[in-house]
Structures are given as C-alpha cells and as structure tokens.
2 protein chains.
Amino acid sequence: MDLVLDGRGRLYVQLARALKQAILSGRIRHGTRIPPTRDMVAMTGLSRTTVVAAYEHLQAEGYLEAKVGSGSYVTAPNLSKSSATALSHRVAAQSAFSERARGICSLGAIPGIRDPSVRYAFQYSMPQLSSTISTEWARVVARVAPYVKPNYPAIQGLPELRAAIHDHIRTNRGIECDPDDILIVNGTQQAVMVTARVLINSNDPVAIEEPQYFGTRQILQLEGADVFGIPVDEHGMRVAELSSRYTKLVCVTPSHQFPTGAVLSKARREALLEYAHGNHSWIIEDDYDGDFRHDEMPIESLHSMDPHGRVIYIGSFSKTLFPAVRLGFVVMPRGLRGDFLSAKWACDFALPALEQVAMTEMINSGTYTKHLRKSASLLAGRRRAMRQAFQRPPFEDVRLTGANAGMHLMAWLPELEHQDLRQLLALAKEKGVGLYSAEPFFMDQAKVPSLMMGFSAIHANEIPIAVGLLGECLHACRAGAKAPRPKLTIV
Amino acid sequence: MDLVLDGRGRLYVQLARALKQAILSGRIRHGTRIPPTRDMVAMTGLSRTTVVAAYEHLQAEGYLEAKVGSGSYVTAPNLSKSSATALSHRVAAQSAFSERARGICSLGAIPGIRDPSVRYAFQYSMPQLSSTISTEWARVVARVAPYVKPNYPAIQGLPELRAAIHDHIRTNRGIECDPDDILIVNGTQQAVMVTARVLINSNDPVAIEEPQYFGTRQILQLEGADVFGIPVDEHGMRVAELSSRYTKLVCVTPSHQFPTGAVLSKARREALLEYAHGNHSWIIEDDYDGDFRHDEMPIESLHSMDPHGRVIYIGSFSKTLFPAVRLGFVVMPRGLRGDFLSAKWACDFALPALEQVAMTEMINSGTYTKHLRKSASLLAGRRRAMRQAFQRPPFEDVRLTGANAGMHLMAWLPELEHQDLRQLLALAKEKGVGLYSAEPFFMDQAKVPSLMMGFSAIHANEIPIAVGLLGECLHACRAGAKAPRPKLTIV
C-alpha cells in the first residue's frame, strides 16, 4: 500500500486523509482488514499515537469499523439496500396513520448524510464526530455498566439524570423548572412525537417555520396536524403573520433557526409568547444546538421568558455528543405532565438505563461541559474559515446566513435557477465535493435556491480548498458551460 | 452489625438473607453504606467469593446499589414519590389521545412489583434477576462499547442483530422469515404500539384474551381501538366465540397464555388462522416467554403455522434477560413493512446502537442460549416446588393453572369472595408474604378471585415455607377469624 502524506496539518490528519483517499479511490476495498497499528507503525515510521489517532478518526467518520478481537475493517457505505427493499407496500394501508405515512415519509434516504465517495463533505445531518468523545463515552459506559440496576427503569427517566439536566439547563439556558418537569426521551424525534400526541387532534392547525426541519414537520403531519409554514427572515419566524390565525401549536427553533440560522429577535419572542397566551396555543421550543453556544453569551431561551407556561422546551444530546447516543429531554408544562408520561409510556414503557446512567456521569463529572467548550471553539474556527472563504470571488452574489453559530450555514444563490442547482451538485461531486441542497427543508419551493453547508465533517484547513472547488463549479454553472473534468490532486 | 446465618441453603444465600432481613427490619437503614467486601470477609470469616455473591444477589434484587468508586448502599424502595406527583392533571386534556389516556392509564404503580417490606415475594412482573447474567451483560457492554458506530443507527435495527434474531427464532420457534421482516423495538410495549398505529383506526374492534396483560389492552385502547375480551379456558382463547364478530386484530399469547398459563390448542390455532384469513383480521402473537421453553419440546408458534401472512410475531428480551435491557422485536407482515418502519421512525427515529451490539454478541456467542437453558431448569425446579406445596392442605379447593411453564402460575380460590381476597393479601403481608391479586388482568370482574403466583424472586427452598404461610392466612380467612400476629422467625 502506497501512502503519500500531503504535508498539510497534523501528522495523524495527514495519515487519515491518505488512508481515506486510498479507500475512496478503491485502492483499499470495502471489507479489507487494514494493518494493525503495530504494523502500520513499522511500515510508515510514524509514532503509535499518530497511527491510533488516525484510525480513531477514520472510525469516527465511518470509514473504518473495529471488530471485537479481530482488527479494523474498511466499511461499506452505511445505507443498507435491505432497508430500502423493506419499504415495499404490497398491502393497502390499514389505518389513517399508515395512509398519511405513505404520503409523508421517505425513509429510504436521510438527506445530508455523507456520500462516502466525496473527499470534502459539507454534510449537516451529523454532529461533529469526535473520536475523543466517543472513546470517552465508551469508557464511561464500561465503567458504569456493572452498577446499572437491572429492574424496569423509571418511565419518566432516571431521577439522577433529570436532576443533572435540571442543573445544566438552569445554568446554561436560564430555565427555571423542577426536576419533575423533565421527561427523558430517546431524542428530538420522540420529544416531538410525544408532544404531538398530548396536544394534537386530527386537523388541528400547527404553525411551523418555513423552511424547517422536515422531521418535525413530518411527525406533526403523521399525527394528523394541519401544518402550515410561517416564513423566516433574518430575525427568525415572522411572528406577526400568525396573529390572524388560530393554532394549537407553534414550533420554533429560536436560538438558531433550522436551517437558516436566524436568531429570533427579542421583540418577536415577546410577541410569540403573547400570541400563545392570548390564543391558548402551545409552543415547542426546539433548542437542538443551544448547547453549542456554551462559550458565548447565552441567548435567553424562550422558556425562560414565558410567564404563562405555554412553552415546551426540547433538548437533545444526539447533536452535541453523537447520534448513536439516543437521549434527549422535554421540559413539560406542569399541568400536562401526566399526559406526557402516558404518551411516553405508550411509546416504549421506559428507556434503557445504561445510557442514562452514563449520561448522568458525563454531565456530573464535567466531561460533557468540557466537550461542549472544545466543540464550540472548534466549530467557531470553522465558521470563521467558511465566512472568509466565501468573501472571495466568485461568491460576490452569494448570501450566507447562520454563520454565527452552530454546525452549518446556508448559502443562498440568487443567480441560479433550481435546475442549475442540480447541475452544481453534480459538478461538485465530480470534483470530490459533497454539496446538499436545502430543498428538503422547504414545504413550498423557495424563491432562491440554497445550499446547506455543514462543517461538522470538514477540517478548518480543508475549508478554503473545498470552497475554492465549489467556486470553480459555480463559475462553470454560471457560464452555462460544462465544467472541466476534475483534476483530483492526491498529494 | 449482628448477622445470624440460618443454615438453610448455600452460604451466600444465607448471608444475603441475613442482610436482607437486617435491611427489612430497619436494622440497616436505607442509604447506609454497607461494609466493603474486604471488611465483611474479616467480620464474618466467610470467603470473598461468598460475600461478593451475596452482595451481587442483593444488588440484583434491588436491595443494594453499587455506586461508582464509592461502595454499595442500601437502596430505598424503587417507587419514587416524584413520579406520582408528576401525574397531576391541572389542565384539560388537549387531545383525544390524552382524553383516553386519562381514563385508561394509571402509571403510579406497576402491579406485581416487589414490595420491599415483604420477605417472600410472589412478584410476577419481574423476570428472574440473576446476578450472573447481569454481570455478564455488563462485561459484554464494556467490551463492545469502543466498537459501536457513533452515527445514526438504522431505523429498522442493526442488520447483525436482525440476522442473529432471525437464526434464533428459526431454530427455537420454527419461524421462517427474512431478516428484513424483523424490526427491532424497545420492548413488547413498543411492538404493540407500533403495530396498533399501523393497523388501528378509532373504534376498530380488537379482540383480546380475557384475562389479559393489561399493558397490551391499554395501548390498544389508547390508540382508540374498541377492545373486547374473549374468555380463556384450559385450552386458551375460546376462538369459536370470535366467529360471529368482525375484528381488525386479535391479540393472543398462544404458547403460555398471560396470565392463566393455558396453551392454545392446535385445533384452536387452526381455527384462529382460518378466522383471520376469512375476515381479513390480523393477529398479534405475543410470545413473551416463549424462550423459556427452550429446554422442553418447543411448542409450534402460530406464525409458523400461518400460510396467509396474517400473524405479527412479537418477542422480547426484557423477560428473558432483565427489564433494563430494552430490546424486543416484531416479525412484520411483508406487505406492511414500510408502514411498520414509518411508525417506528415516528416513535423514536432509532434505538441506541450499544445495546443492540451487545445483544448480538450475547446471541452469537451462545451466552444467551446458555442463560435460557439455565433459567429454564431453575424455573422448572421452582414450578415443581410450587405444585408440591399446593398439594397439601389447606389447598384442596385451590385450582392451579399454568404450572407447566413460565415464571408464574395462577391460583384460583373458588371459596373466597373478592373482599376476602383483599383480607388475604393484608394477612399475608403481615406474615411477610407478598401476594398479588390477578384482578388487574381482568376487564370484567372474574367470577372466582385469583392470585398471580410469580416465582422469579423466590428460591425453591423458600417456596414451601412461603406457601405454608399463605396456607395459614387462607385458613384464617376461611374461618373469618383474625389471623394471629405474625411470628417472624429470623434465625
């Protein structure tokens, strides 16, 4: 195996990149067992630490899979064909729920997941996968496993985890509640589903931001809600457009609107709370990446401004740690706690205790906060690199939004038509750049085509290169000319 | 601390019993740190192995809780007061679902869970808690944790776990299906819920065995089903009583009817499949403890007899391992796989990967099968002891059902009235015996009062004593006299 390091960045990053390239080019096949670290040290002359770090990095990115007791293997792409075939519908829908599901859900592909054939992936559905934190998590899990009670875990979630979350969100998000107001759930998805069951009857009107996270919209539609969009501008949801309509529920992402990144202005927050109070509407505050603002001035949560108890606050650890950790929580309105518990109970009786104990340990030991701080500073560096890279030509007409927080920004391309965008994506792919349209997040087609530019899977020093390649493609698209064949330089 | 061993059974059992007694009598308070094993060895002169086994036993039974890095503590009873207060309803129900939930669910207490103040608990909601298997589970978890992929786990469940289950149920339950027909779920509860969402519209008629597992009934009612009971006799559900009615779904526990323990006869199985085929009804086959027949002649599963694909087979690992392991599975009808996946996705997107990897390892390594075999033989011994104990006076008129399999039997007390039963329970509690009425499992009051006699938490050599005490109480009840004050002999 010939591996050439390109001299950019730290040694382990170079080694990981060289291996990744060998995998993507097919020089190392899927399923191949890669040399044990010891042999790799002998072959390359690199230190063991470097080799281990490179392997862990590739594992976190999904290129390598370590098998118990037998080494590390190059993995095939994650989307199993079997899942797709499982989606056959050979019998008529048996319930109204299934009828709706057939119209709404397309579980075959989750948008925004890395295509393993690209070198630079602006994927956005995945948090920053850090091998440090997944290794630490594995360590904590191993340590607490013998101490986990074997009995039925509490329906509401382990009291010690609820207490830890209570302290965490009071400090970080200004949320004053009782640990008994907190319901532990499997993630944002379950949080929205449980909330919808508690609140929504068929045809109840529900307002959602346009654009929005499609998963939230789909869950609400599955429950029979009549979901309509309220446009978002640079100050978040245009709350004034609600005033003339009755809604049972309003879904917002106030700290960092998904996907535009807008922050809901203070005036609109007040107006929204006022609206909810006056109309007996409920509000879901989905604070999906609120924790990533940890090192900055925390933005007040909507929940902390709400004197009337209409806000249902949702948080998740899948975005801040990694998605395989299925844990999130809901701060329930006090008068509906019993209903939330019933809906949660119906959903799955209780969550496994092991992850709850491990998460408690992560929070109480300070490891979680340390990880947040580290991630936040890493992401801040990447955000800077993104902003800088887009300041150069040919991006004069490209508008960036959401570049102040989070793990992605949106790039709006007013010069392009929607069909041009598809051409742009194809060109970029040829150049080894994974681009993702923001289209799945719009209920109605947006006037201006836009890209989701996630930077959780791309290093700061790769950003100028990748954005440079994007520039070339954009240029080619504008010219209406066919882009030149890609010149992928490996070294 | 004075501990007197009573000389009955193995040394670790004696030590565990003595400690338990000290805890129950209040001599050792809740929250107390018990001496480290080292000190206990010095104090008692017992071997370290004995002390560790006793501690693990008490931990498995919920009397001790080991805290990471700081020793073992005596635990308070498991029912937190906070969960109960969380059930307040101070706002009107907001949805039809919540309206139904308020009428149906009572999450405050799970029937059949051990009351920690009793010495002999005939609890039945808990599987046999074995410290061996929970220790082994912790070991496997620790070993696989570093190898678990951090990304979003597959919605349908990890392919390797589906493959392992596929092989397991083909061998043990004669189920011929494709791994793609298998959906991994969090447990029976979620299996029923997902199935109900796929199949049931409001007011759809659903038949269930009477008596039945109340959780299944409640989930179906929450989904709006019109649930009615079909009586059970010694050959299981009286299928003939279905024939005149249309049902969308029939729920059965054919291998070991819950709670009566009856086995659905072959003729009735055939009639049920015929009925479902003719009426386009679906069947849920809840095989909740099918795995415990592992050492016996396996009873054919309904699924394996079904030529028309109407049976939805549900299995669970919470009953065979322990409840904190939240894993079960559904064998989906092929034509509805897409709908099942949508319903599962809505429920929680995906289950955590860690437990799925660990379970795969447990099955593939043979540890799970070994555990089943061991549990089955242990339970068989207890069943024998139960049958023998009930053969003596004053149980001449007591009818036992379900004494051939599983972890509990039912004792029918035709001489008593329902109010006598309550007196019997109270008397037994005074004598340190935890008895549980089978009442929660009946939709309509049964003609004859009955007891659930679980033996997952009681050792074979304690069974004659405990049943003997029950006999005294029964005698006292019959005489209508007040029972004598309990004489609890500790040594």
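Work out Dmax and Rg for the protein assembly as shown from the C-alpha atoms and quote the Rg first, both in angstrom.
29.8, 101
Quick one: what are the phi-derived ³J(HN,Hα) couplings along the stretch A:38-46, Karplus 6.51/-1.76/1.60 with θ = phi - 60°, whole Hz, x for glycine and proline?
For the stretch A:38-46, the Karplus curve yields 3, 5, 5, 4, 5, 5, 9, x, 7 Hz.
Looking at chain B only, what percent of DSSP beta bridges run antiparallel? Nearest 5 please.
Numbers: 25 of 44 bridges.
Close to 55 percent.
Ignoring ligands, DNA and RNA, how much accessible area is buried between chains B and A, both sides summed, with a 1.4 Å probe, to the nearest 100 Å²?
8100 Å²
To the nearest 10 square angstrom, how much accessible area does A:T360 have with a 1.4 angstrom probe?
10 Å²
Nothing charged except the Cβ atoms of Lys and Arg (+1) and of Asp and Glu (-1): what's the magnitude of the dipole of the stretch B:321-417 about its Cα centre? Round to the nearest 20 debye.
In total the dipole reaches around 480 debye.
Which chain A residue sits with its beta carbon nearest the axis carrying A onto B, and how many Å away is it, rounded to a whole number?
Reported as residue, whole Å: A:A142, 2.
Label A:R238 and B:A479 with points 7 Å out from Cα along Cα→Cβ: what is the distance between them in nm?
Inter-label distance under the simple model: 8.5 nm.
What 222 nm value per residue comes from the helices of the protein assembly as shown, counting each DSSP H run with n ≥ 4 as -39,500 (n - 2.57) and dividing by all residues, nearest 500 deg cm²/dmol?
Theoretical 222 nm ellipticity from helices: -12500 deg cm²/dmol.
With every protein chain left in place, what is the accessible area per residue of chain A in square angstrom, probe 1.4 Å? Display every interim value, and only then the final one.
Values: 18360 Å² over 491 residues.
Computed with neighbouring chains in place, this is 37 Å² per residue.
In square angstrom, rounded to the nearest 10, how much accessible surface does A:R100 have for a 1.4 Å probe?
For A:R100, solvent-accessible area is about 70 Å².
In the stretch B:282-386, what percent of the accessible surface is made up of carbon and sulfur (1.4 Å probe, ligands and nucleic acids excluded)?
C and S atoms contribute 52 percent here.
Given +1 on the Cβ of Lys and Arg, -1 on the Cβ of Asp and Glu, and no further charges, what dipole in debye does chain A carry about its Cα centre, rounded to the nearest 20?
My answer is approximately 1700 debye.
Distances in nm, one decimal, shortest first, from B:G103 to the same residue in every other copy, taking the label point 7 angstrom along Cα→Cβ.
2.8
Give me P(r) over chain A, computed from all C-alpha to C-alpha distances, binned every 20 Å, as integer percentages.
P(r) for chain A, in whole percents per bin: 22, 55, 23, 1.
In 5 Å bins starting at 0, how do the alpha-carbon pair distances of the stretch B:228-326 split up by percent?
Bin by bin from 0 Å, the calculated values are 2, 13, 24, 25, 18, 10, 6, 2, 0.
With every protein chain left in place, what is the accessible area of B:D167 in Å² (1.4 Å probe, nearest 10)?
Accessible area, nearest 10 Å²: 70 Å².
Which residue, chosen from A:H280, A:F455, A:S95, occupies the Cα position most advanced towards the positive end of the dipole of chain A, where the dipole is computed from +1 (Lys, Arg) and -1 (Asp, Glu) charges on Cβ about the Cα centre?
A:F455
Can you list, shortest first and in nm, the gaps between the label point of A:K447 and those of its counterparts in the other copies, using a point 7 Å from Cα in the C-beta direction?
Shortest to longest, the spacings are 7.7 nm.
What does DSSP give for the protein assembly as shown in terms of the percent of beta bridges that are antiparallel, rounded to the nearest 5?
In the protein assembly as shown, approximately 55 percent of DSSP beta bridges are antiparallel ones.
Once the label point is placed 7 Å from Cα along Cβ, list for A:S70 the distances to the corresponding points in the other copies, in nm, shortest first.
4.3
Sticking with the crude label model, points 7 Å out along Cα→Cβ, report the distance from A:Q391 to B:E160 in nm, one decimal please.
4.8 nm
For the stretch A:170-235, go through all pairs of different Cα atoms, get the mean of 1/r, take its inverse, and jot down that Kirkwood value in Å.
Here the Kirkwood hydrodynamic radius works out to 13.6 Å.
Would you mind counting up the charge near A:A96? Only other residues with Cβ under 15 Å from its Cβ, with Lys and Arg at +1 and Asp and Glu at -1. Show your work: numbers first, answer last.
Numbers: positive: A:R100, A:R102, A:R197, B:R197, B:K248; negative: A:E99, A:D204, A:E223, A:D226, B:D204, B:E223, B:D339.
Its environment carries a net charge of -2.
Between A:Y73, B:G229, A:M43, whose Cα lies farthest towards the positive end of the dipole of the protein assembly as shown when Lys and Arg beta carbons carry +1 and Asp and Glu beta carbons carry -1, centred on the Cα centre?
So the residue we want is A:M43.
Efficiency by 1/(1 + (r/R0)^6): what FRET value for B:S117 and A:R245, r their Cβ-Cβ distance, R0 = 51 Å, to the nearest 0.05? The partial results should precede the final answer.
Details: r = 57 Å, r/R0 = 1.11.
Step by step, r from the Cβ atoms, then E = 0.35.
Using a 10 Å cut-off around each Cβ of peptide B:137-145, what is the average number of partner chain Cβ atoms that fall inside? All intermediate terms of the calculation are to be shown ahead of the outcome.
On the way: counts 5, 9, 3, 2, 9, 8, 4, 4, 12.
Mean number of neighbouring Cβ atoms from other chains: 6.
Check A:V263: other-chain or 5+ apart residues with amide H under 5 Å from its amide H, H built from backbone geometry?
Result for A:V263 returns A:G236, A:Q257.
So what's the net charge close to A:M305: Lys and Arg +1, Asp and Glu -1, counting the other residues with Cβ under 14 Å from its Cβ? Could the numbers behind the result be given before it?
Working: positive: A:R173, A:K266, A:R268, A:R269, A:R310; negative: A:E176, A:E270, A:E274, A:E285, A:D287, A:E300, A:D306.
Result for the neighbourhood of A:M305: -2.
The values are calculated or read from the model by the stated rules, or taken from the named source; none is laboratory data. Quick caveat, the model's predicted, so the values are computed rather than measured. All Cβ positions, glycine included, derive from the backbone under ideal geometry; neighbour counts span all protein chains shown. With ligands, DNA and RNA removed, areas are computed over all heavy atoms of the protein, side chains included. Shrake-Rupley method; radii C 1.70, N 1.55, O 1.52, S 1.80 Å.
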